[in-house]
């Protein structure tokens, strides 16, 4: 929750900007780390959620590795101090240049998403005199009950290798002398709030790894990806994701054989709630049927509402007065640049400070200069004390 003292400090800062509550980030990381230590699990933070330097530095200090989906993310992770032996590299379209750079960096594993990719990684590793460690990303055909754009585990999605191709994979692994097979990787989607989805995933993991075991292909690692959601409806009342319930579900349903290691790739659940997009009201426009609160922050600063029709809680930080309904919108020349319709917020005036909550994930990292708007800067709670 943003404090009165912090709101007072915001008055002298040019808007819009991203405000990061570093105490909440550390509280979230404390909670997450306690759970993975309890069960002896491994974690690789998904850089795509937020690649802000100070956020990365804080996460790295907790001993987590990095989950990357591009060559530049791999470079950033290593440059930010993440141990290359804790870096995993996923993505359906890894270029030769990216693969070579990751091999030079000595990363822990490539999460391979197609049969041709395995062959290419083997050939490139051979040309460099190296051996590439890989896991097979399996498409488990599970409905994550989330937005279609962030559902990744159905058979019609582009991600992962389907079970019908396992025989081809086995034959290729036997021929590829510059590949070391580590295990299986899964990721069924993002912003998953129904824990039975993860229970189902665990049962599906057991079914799928049986094929490899029966074919005498050792599965040393099980990587269950990420996907745990956060509370976008009530971020102030429920600021830390329910890690204990999540990992209890995993522990009760996942069959882990002797010698196997279990890995996770958290992203949004670690950083989503610590970030807020702070904006000022430029104009209050009153029409015949509705009122508009026009902010100086737009979809270029946080694209989730426009792209996913996502809900973010909105708060008028400058007023605690009578609440009225507004269409809260941004300045970008697109009708989709809308933070929320008929939102109930305290009566607003020009200059009021607004917070768009839960902006720590897929906010700053997806920002763009559409309409040639300036990129918003970051402000940290540690610097306002």
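Which values of log₁₀ I(q)/I(0), to two decimal places, follow from the Debye formula for the range 101-142 at q = 0.15, 0.21 Å⁻¹ with a uniform point scatterer at every Cα? For the requested q values the scattering log ratios are -0.37, -0.65. Cα axis of helix 115-127 to longest principal axis of the chain: angle in degrees, 0 to 90, nearest 10? Around 70 degrees separate the two axes.
Angle between the Cα long axis of helix 195-214 and the longest principal axis of the chain, 0 to 90 degrees, nearest 10? So the helix axis and the longest Cα principal axis differ by about 20 degrees. Per-residue ellipticity at 222 nm from helix content only, as computed over the chain with -39500 (n - 2.57) for each DSSP H run of at least four residues, stands at -9000 deg cm²/dmol.
Using C-alpha pairs under 8 Å with a sequence gap of at least 6, the mean separation divided by the residue count of the chain gives a relative contact order of 20 percent. Put the Cα centre of the range 211-286 next to the Cα centre of the range 311-385 and the gap is 25 Å.
Between residue 324 and residue 53, how high is the FRET efficiency from 1/(1 + (r/R0)^6) when r is the Cβ-Cβ distance and R₀ = 41 Å? Nearest 0.05. After rounding to 0.05, the efficiency reads 0.55.
Extension gain, residue 104-residue 38: 0.36 nm per intervening residue step, less the Cα-Cα distance, totals 20.4 nm. Packing order of peptides 108-115, 128-135, 162-169, 92-99, highest average first: 108-115, 128-135, 92-99, 162-169 (average count of other Cβ atoms within 10 Å over each peptide's residues). Listed options for Cα extents along the principal axes in Å are (1) 77, 49, 48; (2) 69, 40, 40; (3) 162, 70, 42. The value calculated from this structure is the one marked (2).
When each of the peptides 116-125, 43-52 is scored by how many other beta carbons lie within 10 Å of its residues on average, the order from highest to lowest is 43-52, 116-125.
Considering only 11, 275, 267, the Gaussian network model of the chain with Cα springs below 10 Å gives its largest mean-square fluctuation to 11.
The angle between the Cα long axis of helix 96-105 and the main principal axis of the chain comes to about 80°, on a 0 to 90 degree scale.
The numbers here are math on the coordinates, done by the rules we state, and not lab data. Since the model is a prediction, treat every value here as computed from it, not as a measurement. Cβ atoms come from the backbone with ideal geometry, glycine included; neighbour counts cover every protein chain shown.
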